[in-house]
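Take a look at the structure below.
The values are calculated or read from the model by the stated rules, or taken from the named source; none is laboratory data. Keep in mind the model is a prediction, meaning the values are calculated, not measured. For neighbour counting, all protein chains shown are included, and Cβ atoms are generated from backbone atoms with ideal geometry for every residue, glycine included.
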Amino acid sequence: MADKTFTLTNDETGDAVRLMVRESVQGPPTVDVTSLYRQMGVFTYDPGFMSTASCTSGITYIDGEEGVLEYRGYPIEQLAESGNFIEVAYLLLYGELPNKDELEKFDGIITHHTMINESLKGFFNGFQSNAHPMAVMVGVVGSLSAFYHDSLDINDPRHREISAHRLISKMPTIAAASYKHSIGEPIVYPRNSLSYCANMLHMMYATPCEDYEPDPVAVKALNLLFILHADHEQNASTSTVRLAGSSQANPFACIAAGIASLWGPAHGGANEAVLDMLTEIGDVSNIDKYIARAKDKNDKFRLMGFGHRVYKNRDPRATLTRKVSHECLSALADQNNPMFELAMRLEEIALSDDYFIERKLYPNIDFYSGIIYRALGIPNNMFTVMFSIARTVGWVAHWLEMMDDPQQRIGRPRQLYNGYQRRQYVPLDKR
Ligand code: CMC
């Protein structure tokens, strides 16, 4: 079959360039513009990457028009239904579902790397107790590179794998420690007899004086949220990890960069922002006012948890979390949670409003994830931290994929310069 090409013509000079069109396994074909500047002396301009594929990847597939999300080819609904987070982590990292032995071995490795270096504990005390836990995460995760020198050779595949395991294992420990520090309680050590998600809850809620028995409903809900948040293709934080990694920075520094990018309310910070917004709205009677604000171009207010760059149909993760939030609130005897009622009413009103219909603005995963986290007793400022634990798997999988990609080069975008033309320096006494 002949290669497909795409011809671009300069209307001014009549010069034309034929660009290769690369077919994807699923999704739209991609015009390869790598030679465009060399051949035509022009750049492409695409702020926000609206039409740009920044890399090739075989990890996650999204069809935003149809509301499809697949990890390594498996529909998210099936993984959410029958998988567990560690199994999904293995799938994302290694490309295939593990067999029983592989899963047991992987689970053992992740469990046995959950402790952090004792000296790291001192870092937490250096932060103000009212520090946002995401600020603590950025700092402490970045600092792991100062501790684990034995696995920092990024050109050694075994070192890369060890670092990947360490990051996935230690994220819950660091996250729980940042929470404990914020409430002035001592750090609780991980417990190897518990699953990944049960251990997370144990480290958050146990104290040296009292054990904590993780509620199976809470563990199940956390497991689901972690699966749904584990990867999402080339989103802002994953692209940040890839860009940082492209300069051959160490993986701990790259993941810290990813955490920083995730923090923003347009991305992972949305789950915290949704709860803040619901608190601000306060009552069903105020919804119309806030919907009007969201539609007003002169008002910065947006309905948090609504809209997505890729999904122009229902976010499949939102469909799953919506169902679970209901089940979870019932099982945890929290069904009268006024936030949930308010959220359901807000969703109903927004989904019947022309503004949201025309722009295809549907609730995204984070419209519901905060409600579930809240039902589990997790404080608002920890929501994005929880997201970062799950997404670490995706970040690490993308970093590993990138490091193995023979086409990998330093990420170095160009710009459309709109500053001054060359001008002469004016001495201080003449300005
Ligand atoms: N409330 C009100 N209007 C909105 C919203 C919203 N949440 N989201 C988008 N719009 C409007 C926007 O004003 C624009 O209108 P117009 O065409 O008249 O100028 C139109 O919809 C398109 O919006 P955009 O900002 O150009 O879209 P984007 O793809 O650049 O942004 C987004 C996507 C997710 C950042 C945005 O929808 C948003 O800010 N949503 C709220 C924050 C949020 O929930 N983020 C979590 C995303 S899911 C978790 C994750 O994967 O990170």
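Here are the numbers for this structure:
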{"read-out": "Breaking point among (1) touching a Ser or Thr at 6+ places or on another chain (Cβ under 7 Å); (2) near the ligand (Cβ under 10 Å from one of its atoms), for Lys295", "value": "(1)"}
{"read-out": "Any chance Arg414 is in the same structural domain as Ala253 (by the TED database), over 30 Å from Asn199 (Cα atoms) and touching a residue at least 12 places away in the same chain (Cβ under 8 Å)", "value": "no"}
{"read-out": "Scan of the stretch 239-262 for residues that are closer than 14 Å to Ser163 by Cβ and assigned to a loop (DSSP other than H, G, I, E, B), ordered by number", "value": "Gln248, Ala249, Asn250"}
{"read-out": "The listed residue being away from the ligand (no atom under 12 Å from the Cβ), buried (at least 19 other Cβ atoms within 10 Å of the Cβ) and within 30 Å of Pro75 (Cβ to Cβ), out of Leu278, Leu228, Leu243, Leu262", "value": "Leu243"}
{"read-out": "So Phe301, is it of a type in the set (A, V, I, L, M, F, W, C), touching a residue at least 40 places away in the same chain (Cβ under 8 Å) and within 12 Å of the ligand (Cβ to nearest atom)", "value": "no"}
{"read-out": "Residue check for Ala249: farther than 20 Å from Glu341 by Cβ and under 15 Å from the mean Cα position of the chain (by Cα)", "value": "no"}
{"read-out": "Residue in the stretch 146-159 that is farther than 15 Å from Ile389 by Cα, touching a Lys or Arg at 6+ places or on another chain (Cβ under 8 Å), assigned by the TED database to the domain that holds Ile255 and in a helix (DSSP H, G or I) present", "value": "yes"}
{"read-out": "Sole exception among (1) closer than 22 Å to Ile365 by Cα; (2) in contact with a Leu (Cβ under 6 Å, 6 or more places away or on another chain) for His202, by number", "value": "(1)"}
{"read-out": "Members of the stretch 300-343 that are surrounded by 20 or more Cβ atoms within 10 Å (Cβ to Cβ) and acidic (Asp, Glu)", "value": "Asp315"}
{"read-out": "Matching residues in the stretch 304-320 - criterion: being part of a loop (DSSP other than H, G, I, E, B) and near the ligand (Cβ under 9 Å from one of its atoms)", "value": "Met304, Gly305, Gly307, His308, Arg309, Val310, Tyr311, Asp315"}
{"read-out": "Residue match in the stretch 338-346 (condition: touching a residue at least 40 places away in the same chain (Cβ under 8 Å), within 25 Å of Glu81 (Cβ to Cβ) and away from the ligand (no atom under 16 Å from the Cβ))", "value": "no"}
{"read-out": "Of all residues making up the stretch 8-60, the number that are within 16 Å of the ligand (Cβ to nearest atom) and either touching a Gly at 6+ places or on another chain (Cβ under 6 Å) or not in a loop (DSSP other than H, G, I, E, B) (or both)", "value": "4"}
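Conditions tested, residue by residue: (1) of a type in the set (A, V, I, L, M); (2) assigned by the TED database to the domain that holds Leu303; (3) within 20 Å of Trp399 (Cβ to Cβ).
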| site | (1), (2), (3) |
| --- | --- |
| Gln248 | no, yes, yes |
| Ala256 | yes, yes, yes |
| Ala260 | yes, yes, yes |
| Gly269 | no, yes, no |
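Condition check ((1) in contact with a Lys or Arg (Cβ under 7 Å, 6 or more places away or on another chain); (2) surrounded by 23 or more Cβ atoms within 10 Å (Cβ to Cβ)) across all residues:
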site: Phe367; (1), (2): no, yes
site: Ile372; (1), (2): no, yes
site: Val393; (1), (2): no, yes
site: Met403; (1), (2): yes, no
site: Ile410; (1), (2): no, no
site: Gln415; (1), (2): no, no
site: Arg422; (1), (2): no, no
site: Tyr425; (1), (2): no, no
site: Arg431; (1), (2): no, no
